[in-house]
Amino acid sequence: MKKMEDIPDRKLLLFKSCMVSQEYPGIEKATKYLFDRLGIDYFVSEEQSCCTGIGHYVDLYGQLTTTAIAARNFAVARKCGYPNIACMCSTCYAINKEACELLNGNEEVRAQVNSVFREKGLEDLVYAKGDLDERTNIFHVLEVIFSKKELLTEMTEVDFSGLKAAAHHACHYYKFRPEDMIGNPENPRLIDGVAGACGADMLRWYEDRSLTCGMGFAQLHIHKDTSLKVTQTKLESLRKAGVELLLHMCPNCHIQYDRCQPVIEKEFGSEYDFVHMNIAQFAALALGADPYKVCGLQTHSVPLENFLEKYGII
Amino acid sequence: MTLIQIDEYDTPAGKSLAETIKASIRTPDSLGLDRCIQCGACTASCPAARFTAYNPRLLVKRVLENDRGVLEDETLWNCFYCYTCQLRCPRNNSPAKLVQVLRQLALNEGIGLENMEHFLGLGEFFAAHGISQVPEHYLGKMAEALGSSWVEFKRDLPAIRAELGLGSLDIRDERKEIRSILEGTGHFERAESLRARLKESGASEGIEENKFLNAIPGKNKSEDINLEKNGRYSGPEALIV
Ligand code: SF4
Ligand code: SF4
């Protein structure tokens, strides 16, 4: 298991996410805001591409394609001198970890990926064993924020006392590589740790806490009814628990909860009065960041204005 | 130029389903497929098993019996890839990983092609922009379901990104590295063959090929996706409601 001391705060490549960029860009801005306030040394590269996650998990890209794209992104990280990859999306995290492990541990795959680079005149992308380490160079942004939670408590400006919030941790963070996370995979508490440090009252457990968000990559498209049913089940268990806010750590879950909540209300005839946020947006808000110009909350489908008014933010 | 067959890596030929799965680069050497004790921990914690007829424990059993009928079993396509089974399995097996290899095997045999229909254009978009987009039919559905506020948001995305101080959506890729990698690792051939067989099989719902490519403004100019001249994103066609 990873320890908090193992989380770097220098030379972090903030790994952009397609779904963050296109659906909730405030997650990226809020992350940068937090990193700046917390004194974390990071860089964002224009050259870094999509990790292939969406295409990979709808069974489109082969593992070799995915691994070669990851190797290119590792070269980007290496070349800019920021070799510690910090992902905002749990699927980027899982894809990069797995590809890195494959590149380090499977000689045939590494040779094949490198021969593609050479044939295409991209020698500078060639991956040498050990260029990155899947355990000590690839992280989730939440781990970085979590490792600074004492600082967050000191810096919190907004009074969130009495706020009843719950966490949804991302499957591709804690279920995919349980040996590689901070804490207990049967009861992940990173989001709780960060939100708690900012003054929220975190629900210890709720009925379907470990159930997937329901997106399931292709599932949302090929079996939409099942996908929404899973999400509705989750929302119902949150309603019963009486939460005001659900916090998550992955743009895919975020889309599934925030974009689909109004759809589910219509299709299932239910009503939910809680709102959604990424943990970085919430921590930035706590530190006094602007809800729109930093956290980008105007991009959400479930309006947050009542929530923001209640806590004196607007 | 050596042509890479995706099959050689994801679904290498083997004497049995289990041999192919174990030899696939999608599964680690430590995979405990042969160690499965049929305890059912996977099924007990599987969301697909809870909400559909899919059963990962049974799937593992059938694979170990080399029952190739699993490839035709439609429930194979119900897995969420949430890895709950992998977390809970006491033998380091991973039904999630088995399904990934089995779906590739099924596609090789022309089974389940219709499930790929909405996604076949992702690679072209990736090559042109360096990012992934949710399939266009979904954007259309979201526009329908969420109405004007979401459509507005999509139109205002470039302005919002500018306000947040975020750069271009497209990556900088002067050497067309993404296209080269997709080409070199056999992606386009694979996508083409799936598309051709889908058409042949008549299973297609009639979604126009590359429809979602056509929906991207300035698709040939890699720097053009986020900001049109007037500062507004013209948006995918399906969003004009
Ligand atoms: S949890 Fe593991 S050992 Fe148990 S039935 Fe499922 S695959 Fe087999
Ligand atoms: S990954 Fe698939 S088989 Fe495993 S628990 Fe999730 S839905 Fe079930």
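The values are calculated or read from the model by the stated rules, or taken from the named source; none is laboratory data. In this text, all values refer to a predicted model and were calculated from it rather than measured experimentally. Neighbour counts run over all protein chains shown; Cβ positions are idealised from the backbone, glycine included. What goes into the accessible areas is simple: the full protein's heavy atoms, side chains included, and nothing from ligands, DNA or RNA. Shrake-Rupley method; radii C 1.70, N 1.55, O 1.52, S 1.80 Å.
Out of the residues in region B:52-70 that are open to solvent by 50 Å² or more (accessible area, probe 1.4 Å) and more than 16 Å from B:ALA106 (Cβ to Cβ), which is nearest to ligand 2 (Cβ to nearest atom)?
Quick first cut of region B:52-70, residues open to solvent by 50 Å² or more (accessible area, probe 1.4 Å) only: B:53, B:57-58, B:61-62, B:64-68.
Those left that are additionally more than 16 Å from B:ALA106 (Cβ to Cβ): B:53, B:57-58, B:61, B:64-65.
Working: B:ALA53: 12, B:ARG57: 9, B:LEU58: 11, B:LYS61: 14, B:LEU64: 16, B:GLU65: 18 Å.
Only one residue fits best here, namely B:ARG57.
Check whether at least one residue in region A:244-255 is open to solvent by less than 10 Å² (accessible area, probe 1.4 Å) and more than 19 Å from the chain's Cα centre (by Cα), and report yes or no. Among the residues of region A:244-255, not one is open to solvent by less than 10 Å² (accessible area, probe 1.4 Å) and more than 19 Å from the chain's Cα centre (by Cα), which makes the answer no. The criterion of at least 3 residues that are touching an Asp or Glu at 6+ places or on another chain (Cβ under 9 Å) is met by the following helices (runs of 4 or more DSSP H) wholly inside region B:47-129: B:56-64, B:95-108, B:122-129. Quick check on A:THR52: is it free of Cβ contacts under 8 Å to residues at least 40 places away in the same chain and among the hydroxyl-bearing types (Ser, Thr, Tyr)? In short, no.
Summed over region B:163-200, the residues that are touching a Lys or Arg at 6+ places or on another chain (Cβ under 7 Å) and of a type in the set (Val, Ile, Thr) give a count of 1. Within region B:174-185, the set of residues being at the interface with chain A (Cβ under 7 Å from one of its Cβ atoms) and in contact (Cβ under 8 Å) with a residue 24 or more places away in the chain comprises B:ILE178, B:LEU182, B:GLY184, B:THR185. Only one entry in B:ARG50, B:ARG88 is near ligand 1 (Cβ under 9 Å from one of its atoms) and within 11 Å of another protein chain (Cβ to nearest Cβ), namely B:ARG88.
Just need a number here: residues in region B:195-211 that are within 12 Å of another protein chain (Cβ to nearest Cβ) and either at pLDDT 95 or above or touching a Gly at 6+ places or on another chain (Cβ under 7 Å) (or both).
1
A quick yes/no check of all residues on (1) under 24 Å from B:HIS187 (Cα atoms); (2) in contact (Cβ under 8 Å) with a residue 40 or more places away in the chain; (3) in the same structural domain as B:GLY184 (by TED's automatic domain parsing):
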position: B:THR11; (1), (2), (3): yes, yes, no
position: B:SER24; (1), (2), (3): yes, yes, no
position: B:ARG35; (1), (2), (3): no, yes, no
position: B:ALA41; (1), (2), (3): no, yes, no
position: B:TYR54; (1), (2), (3): no, no, no
position: B:ARG57; (1), (2), (3): no, no, no
position: B:ASP73; (1), (2), (3): no, no, no
position: B:LEU76; (1), (2), (3): yes, no, no
position: B:PRO90; (1), (2), (3): no, yes, no
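The one condition from (1) part of a helix (DSSP H, G or I); (2) more than 27 Å from B:ASN115 (Cβ to Cβ); (3) of a type in the set (Lys, Arg) that A:LYS229 does not meet is (2).
Count, please, the residues in region A:55-86 that happen to be more than 7 Å from every other protein chain (Cβ to nearest Cβ), at negative phi and in contact (Cβ under 8 Å) with a residue 40 or more places away in the chain. The number of residues fulfilling the criteria is 15.
Of all residue pairs spaced 6 or more apart or on separate chains, those with beta-carbon atoms under 9 Å, a first member in region A:157-171 that is without any contact (Cβ under 8 Å) to a residue 40 or more places away in the chain and a second member that is in a strand (DSSP E or B) and more than 16 Å from ligand 1 (Cβ to nearest atom) are A:GLY162/A:ASP201.
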